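Student: Here it is, the structure, as structure tokens.
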Amino acid sequence: MIDDMLRTPGAVRDAERWTAHNYHPLPVVISSAEGAWLTDVDGKRYLDCLAGYSALNFGHRHPQLIAAAHAQLDRLTLTSRAFIHDQFADFCRELAELCGKDLVLPMNTGAEAVETGIKVARKWGYQVKGVPAGQATIVVADGNFHGRTTTIVSFSTDEDARADFGPYTPGFKIVPYGDLDALAAAIDENTVAVLLEPIQGEQGVVVPPEGYLPGVRQVCTERDVLFIADEIQSGLGRTGATFACDHEGVVPDMYLLGKALGGGIVPVSAVAANADVLGVLKPGQHGSTFGGNPLACAVAVEVVRLLATGEFQRRSAELGERLRAGLEGLVGKGLVGVRVRGLWAGVDIDPALMSGREACERLMERGVLAKDTHGSTIRLAPPLVITEKEIDLAVAALAEVLAA
Ligand SMILES: Cc1ncc(COP(=O)(O)O)c(C=O)c1O
């Protein structure tokens, strides 16, 4: 097709014309998708190697999830939490069981789950630990990404995410990620929680040193501090286990979940914790109009059932080894570093060759969609339904981009 017959350039222009420019998307306009594949308005197909930042762990339009959504759309979509609906209990119970926790508090976006975790930890600190009013602190790591609210960006170390959004929320101490001594030193009698990503996704799939997470668990237990694991991107099968914490046998006090919990259909997030922690919230103290709505619960309970089979965690672990082998083969051939956990890879391109953005543009030309982060790093996070052949295709496309 000759260029002036393509719909993409006009569709890109239209999208840019009417939106705030808080994103810099690749110039591709998607109109349909299935499994690991996307199709644009001109009929060109792309292998999805981002999976909606892991919101699409089960692929696009997974039949079981779509069927659940359709069935629920025809019955009941919203009640608010002022009333109980018939999808609520099963979702909360099955998610709590998957997490090995007593209780679940459903919200919508990841940032809301993080805010919920912060509020619960502070209230727990004042009511259970006995921290003096207004003195609670939470220890976080540099390089973190926990979302975009004003409180959350207050403890970001990314200037793009943070600058000019002050005044900032106090009460956070930032320590180097992976440094257990620094973390232990930052804890004092007013510390209520340590909030960490077990693997830092937005930072480029940064895996902390072995022993770090168990060390954090131990320090938190010894010092009467809650360990909050933000598994919004790392959880629900992405790394070859249900939770990234599982790789080191660590059980946090609070799981923050989101993204894949909504099956790529609806925004669903949740906090899971035991009753001695989540039980500090009483009626009227926290909530959300849409959190735990019938449509969300109907889809998310099917997500939990897919995960309860263990199949997706297994696929991610096994196929992740193939991805690792493929990517490691490119180190020295345009790549300077590779980090892989399950089907999640941070790939550092030699900055002398090209930026991450350029690499993603060239991958797009070859039918693979991925996302850059911080300079010359790109992330690969395909849907967990991807096949061996499709992984090979993605690696081959990257090899071509690096060799060109
Ligand atoms: C680890 C982590 N926490 C929280 C969030 C925020 O989630 P949301 O964009 O749904 O608010 C993200 C989003 O990328 C994330 O990766």
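Student: How many residues are near the ligand (Cβ under 8 Å from one of its atoms), of a type in the set (S, T, N, Q) and outside any loop (DSSP other than H, G, I, E, B) when one looks only at the stretch 109-120?
Tutor: Residues flagged as near the ligand (Cβ under 8 Å from one of its atoms), of a type in the set (S, T, N, Q) and outside any loop (DSSP other than H, G, I, E, B) within the stretch 109-120 amount to 0.
Student: Another question, if that's okay. Within the stretch 127-153, take every residue that is among the hydrophobic types (A, V, I, L, M, F, W, C) and more than 20 Å from residue 185 (Cα to Cα) and give me the one that is nearest to the ligand (Cβ to nearest atom).
Tutor: If we take residues in the stretch 127-153 being among the hydrophobic types (A, V, I, L, M, F, W, C) and more than 20 Å from residue 185 (Cα to Cα), then 145 is nearest to the ligand (Cβ to nearest atom).
Student: Moving on to the next point. Only one of these is modelled with pLDDT of 95 or more and within 13 Å of the ligand (Cβ to nearest atom): 260, 308, 273, 317. Name it.
Tutor: Numbers: 308 fails: within 13 Å of the ligand (Cβ to nearest atom); 273 fails: within 13 Å of the ligand (Cβ to nearest atom); 317 fails: within 13 Å of the ligand (Cβ to nearest atom).
After ruling out the rest, the residue left standing is 260.
Student: So, in the stretch 320-356, how many residues would count as being without any contact (Cβ under 8 Å) to a residue 24 or more places away in the chain and among the basic types (Lys, Arg)?
Tutor: 1
Student: Follow-up question, since we're still on this one. Here are some conditions: (1) outside any helix (DSSP H, G or I); (2) surrounded by 15 or more Cβ atoms within 10 Å (Cβ to Cβ); (3) within 26 Å of the chain's Cα centre (by Cα). Residue 78 meets all but one. Which one does it not meet?
Tutor: (2)
Student: Please give the strands (runs of 3 or more DSSP E) falling wholly within the stretch 155-248 in which 2 or more residues are surrounded by 24 or more Cβ atoms within 10 Å (Cβ to Cβ).
Tutor: Per the criteria, 191-196, 226-230.
Student: Going by the conditions given, is residue 89 over 27 Å from residue 364 (Cβ atoms) and out of contact with any Pro (no Cβ under 7 Å at 6 or more places or on another chain)?
Tutor: yes
Student: Being within 16 Å of the ligand (Cβ to nearest atom) and either out of contact with any strand residue (DSSP E or B) (no Cβ under 6 Å at 6 or more places or on another chain) or aliphatic (A, V, I, L, M) (or both) is the filter here; which residues of the stretch 72-107 pass it?
Tutor: Within the stretch 72-107, 105, 107 qualify.
Student: Filter the stretch 331-372 for residues that are of a type in the set (Asp, Glu) and within 28 Å of residue 208 (Cβ to Cβ) and give the result.
Tutor: 348, 350, 372
Student: Only residues that are buried (at least 17 other Cβ atoms within 10 Å of the Cβ) and either hydroxyl-bearing (Ser, Thr, Tyr) or part of a helix (DSSP H, G or I) (or both): list them for the stretch 377-392, please.
Tutor: 377, 390, 391
Student: Among residues belonging to the stretch 261-277 that are farther than 14 Å from residue 108 by Cβ and under 18 Å from the mean Cα position of the chain (by Cα), point out the one that is surrounded by the fewest Cβ atoms within 10 Å (Cβ to Cβ).
Tutor: Per the stated criteria, the residue is 264.
Student: Hey, another quick one. If residue 123 satisfies all but one of (1) surrounded by 21 or more Cβ atoms within 10 Å (Cβ to Cβ); (2) part of a helix (DSSP H, G or I); (3) more than 16 Å from the ligand (Cβ to nearest atom), what's the number of the condition it fails?
Tutor: With respect to (1) surrounded by 21 or more Cβ atoms within 10 Å (Cβ to Cβ); (2) part of a helix (DSSP H, G or I); (3) more than 16 Å from the ligand (Cβ to nearest atom), residue 123 is out only on (1).
Student: Let me ask you something else. Tell me which residues, restricted to the stretch 43-69, are aliphatic (A, V, I, L, M), within 16 Å of the ligand (Cβ to nearest atom) and closer than 17 Å to residue 268 by Cα. Quick ask: steps written out before the conclusion?
Tutor: Of the stretch 43-69, the ones aliphatic (A, V, I, L, M) are 47, 50-51, 55-56, 65-69.
Filter again for within 16 Å of the ligand (Cβ to nearest atom), leaving 50-51, 55-56.
The answer is 51, 55, 56.
Student: Could you go through the stretch 207-227 and let me know if any residue there is under 23 Å from residue 54 (Cβ atoms), within 12 Å of the ligand (Cβ to nearest atom) and not hydroxyl-bearing (Ser, Thr, Tyr).
Tutor: no
Student: Another question about this same structure. Only one of 100, 134, 110 is surrounded by fewer than 24 Cβ atoms within 10 Å (Cβ to Cβ) and within 30 Å of residue 343 (Cβ to Cβ); which?
Tutor: 100
The values are calculated or read from the model by the stated rules, or taken from the named source; none is laboratory data. All values derive from a computational prediction rather than experimental measurement. Glycine also receives a Cβ, built like all others from the backbone with ideal geometry; neighbour counts cover every protein chain displayed.
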